[in-house]
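The values are calculated or read from the model by the stated rules, or taken from the named source; none is laboratory data. Every value quoted in this text rests on a predicted model; they were computed, and no experiment measured them. Here Cβ is always computed from backbone atoms with ideal geometry, including for glycine, and neighbour counts include all displayed protein chains.
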Amino acid sequence: MANPSLLILAGDGIGPEVMAEVKKIIGWMGAKRGVSFDVTEDLVGGCAYDKHGVPLHDDTMAKAQEVDAVLLGAVGGPKYDSLDFSVKPERGLLRLRKEMDLFSNLRPAQCFDALADFSSLKKEVVAGLDIVIVRELTSGVYFGEPRGIFVEGNERVGINTQRYTESEIARVARSAFELARKRGNKVCSMEKANVMESGILWRDVVQEIHDKEYPDVQLSHMYADAGAMQLTRWPKQFDVIVTDNLFGDLLSDLAAMLTGSLGMLPSASLGAPMANGRPKALYEPVHGSAPDIAGTGKANPIACILSFAMALRYSFDMGEDAARVEAAVEKVLADGLRTADLMGPDGGTPISTTQMGDAIVAALDASL
Ligand code: NAD
Ligand code: IPM
Ligand code: MN
């Protein structure tokens, strides 16, 4: 049988730095677990713009459609801030999500025991936290038409449109219910049905799908602003949260800080099943290109490494190896190893991106 195929798009800023550590894990899988991947690398974001004048070349898009999974680092940076909107680095990532139809973005927020003291919230609030935000990723205000900056009378007007069809809501709701069945069997759906018609439809459709297909799952609804409050007040009340594209973006950054650092949060963006029965998929950390620390060796590679673990689980049916990688991460944290973003107020000596990757590989070796 052919090796599983991976397209690596490391991107900009700390993207290539954290991806270098993932490549060590991929190498380890080949050497120690006898699992080799056919890896292709390509450009996305600012680096693709520098070479091709577009943030995602059509050839790269075509490759992404063919492989078993795409791994992405991060895109963007101040160098590209003044580019025309249509060629900004972020457009490359949005094109991948849209054209691969990756409608269900799983963003788990898990607080490792070793980091419970480090969160900005009290230890008892976050210790043992294990929730997943399911963010709708291919529609809503990110993609709705009309959009643009227009002139009306003697001033400019900026327009974006929040738009959801029933089927778009239904498919992401199903993916949240399916996930909940494998976990704590609870879904909380978040929208703003008090002020938005799209929110009213969202709530209705989620409820209908629940009643018809998943009556065994416990479902609740919350306004997204109250949801943000509840996430910081008592996040352990949640199991799976399902929400739209923009609310999901905001709530997942918020949830990241419950775990200690944005540098800890992985994600899986999943689409419809391919011929092999596995979903079309892209895996990426929730964080961005972190221009403030790029090139300094301070980046935490754990979010990207855990994103690869999600690829092992969701794209390659290698749940055991995924758990092994997650356990290795847990082990190095329990040993007190920390990158700079995980330093508490009393300081300590941080290790570098590379040292963190090496320590995780050493923990993997020790697990054999
Ligand atoms: P960011 O996530 O890049 O950084 C926010 C803060 O978190 C910074 O202080 C950064 O140093 C820190 N941080 C992020 N990841 C870290 C890591 N792995 N280790 C240690 N610290 C980390 O968000 P931003 O500053 O708002 O955006 C910077 C650029 O990244 C922008 O161009 C934005 O559009 C882009 N962005 C890209 C993605 C993506 O590629 N998926 C996601 C978010 C932002
Ligand atoms: C994310 C990012 C992206 C988003 C940007 C870079 C397009 O913030 O993946 O969370 O807004 O979805
Ligand atoms: Mn974001």
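Beta carbons closer than 8 Å, at least 6 apart along the sequence or on distinct chains, pair a first residue in segment 215-236 that is of a type in the set (Asp, Glu) with a second that is buried (at least 19 other Cβ atoms within 10 Å of the Cβ) and at pLDDT 95 or above for 225/192. Here the condition is being exposed (fewer than 15 other Cβ atoms within 10 Å of the Cβ) and of a type in the set (S, T, N, Q); of 165, 138, it holds for 165 alone. Here residue 51 meets each of (1) within 30 Å of residue 368 (Cα to Cα); (2) surrounded by fewer than 17 Cβ atoms within 10 Å (Cβ to Cβ) with one exception, condition (1).
Within segment 104-139, count every residue that is of a type in the set (D, E, K, R) and either in contact with a Leu (Cβ under 6 Å, 6 or more places away or on another chain) or part of a strand (DSSP E or B) (or both).
Residues meeting the conditions: 4.
Of all residues in segment 259-268, those satisfying the criterion of being within 16 Å of ligand 2 (Cβ to nearest atom) and not in a strand (DSSP E or B) are 259, 261, 262, 263, 264, 265, 266, 267. Of the residues making up segment 218-256, just one is surrounded by fewer than 21 Cβ atoms within 10 Å (Cβ to Cβ), within 16 Å of ligand 2 (Cβ to nearest atom) and over 14 Å from the mean Cα position of the chain (by Cα), namely 228.
Here residue 3 clears all of (1) modelled with pLDDT of 95 or more; (2) more than 26 Å from residue 158 (Cβ to Cβ) except the condition numbered (1). Of all residues in segment 169-191, those that are among the polar types (S, T, N, Q) have Cβ atoms under 9 Å from Cβ atoms of residues that are assigned to a helix (DSSP H, G or I), 6 or more apart or on another chain, in 189/173; 189/176; 189/202; 189/203; 189/206; 189/207; 189/210.
What number of residues within segment 324-361 are assigned to a helix (DSSP H, G or I), of a type in the set (Gly, Ala, Ser) and free of Cβ contacts under 8 Å to residues at least 24 places away in the same chain? I'd like the intermediate steps shown before the answer.
Our first condition is that a residue be assigned to a helix (DSSP H, G or I); within segment 324-361, this holds for 324-334, 340-342, 353-361.
Keeping just the survivors that are of a type in the set (Gly, Ala, Ser) gives 327-328, 334, 340, 357, 359.
So of that shortlist, the ones also free of Cβ contacts under 8 Å to residues at least 24 places away in the same chain come out as none.
Number satisfying all stated conditions: 0.
Going through (1) buried (at least 19 other Cβ atoms within 10 Å of the Cβ); (2) within 16 Å of ligand 3 (Cβ to nearest atom) one by one, residue 94 falls short only on (1). The condition (being touching a Ser or Thr at 6+ places or on another chain (Cβ under 6 Å), among the small types (Gly, Ala, Ser) and surrounded by 21 or more Cβ atoms within 10 Å (Cβ to Cβ)) is satisfied by just one residue among 260, 297: 260.
Can you tell me how many residues within segment 279-298 are hydrophobic (A, V, I, L, M, F, W, C) and either within 23 Å of residue 113 (Cβ to Cβ) or within 17 Å of the chain's Cα centre (by Cα) (or both)?
Here the count works out to 4.
Against the conditions (1) among the hydroxyl-bearing types (Ser, Thr, Tyr); (2) away from ligand 3 (no atom under 15 Å from the Cβ); (3) not assigned by TED's automatic domain parsing to the domain that holds residue 191, residue 267 satisfies every one except (2).
Within segment 278-323, which residues are among the small types (Gly, Ala, Ser) and assigned to a helix (DSSP H, G or I)?
Just the residues of segment 278-323 that are among the small types (Gly, Ala, Ser), to begin with: 281, 288-290, 294-295, 297, 299, 303, 307, 309, 311, 315, 319, 322-323.
Passing the criteria: 303, 307, 309, 311, 319, 322, 323.
Looking only at residues of segment 265-278 that are at pLDDT 95 or above and buried (at least 21 other Cβ atoms within 10 Å of the Cβ), we find that the one that is farthest from the chain's Cα centre (by Cα) is 270. Somewhere in segment 176-199, is a residue outside the structural domain of residue 309 (by TED's automatic domain parsing), assigned to a loop (DSSP other than H, G, I, E, B) and within 16 Å of ligand 3 (Cβ to nearest atom)? No, the conditions are met nowhere in segment 176-199.
Filtered by the rule that a residue be at positive phi and within 10 Å of ligand 1 (Cβ to nearest atom), segment 74-121 gives 76, 77.
Evaluate the following for residue 251: is it in contact with a Gly (Cβ under 7 Å, 6 or more places away or on another chain), part of a helix (DSSP H, G or I) and within 16 Å of ligand 3 (Cβ to nearest atom)? In short, yes.
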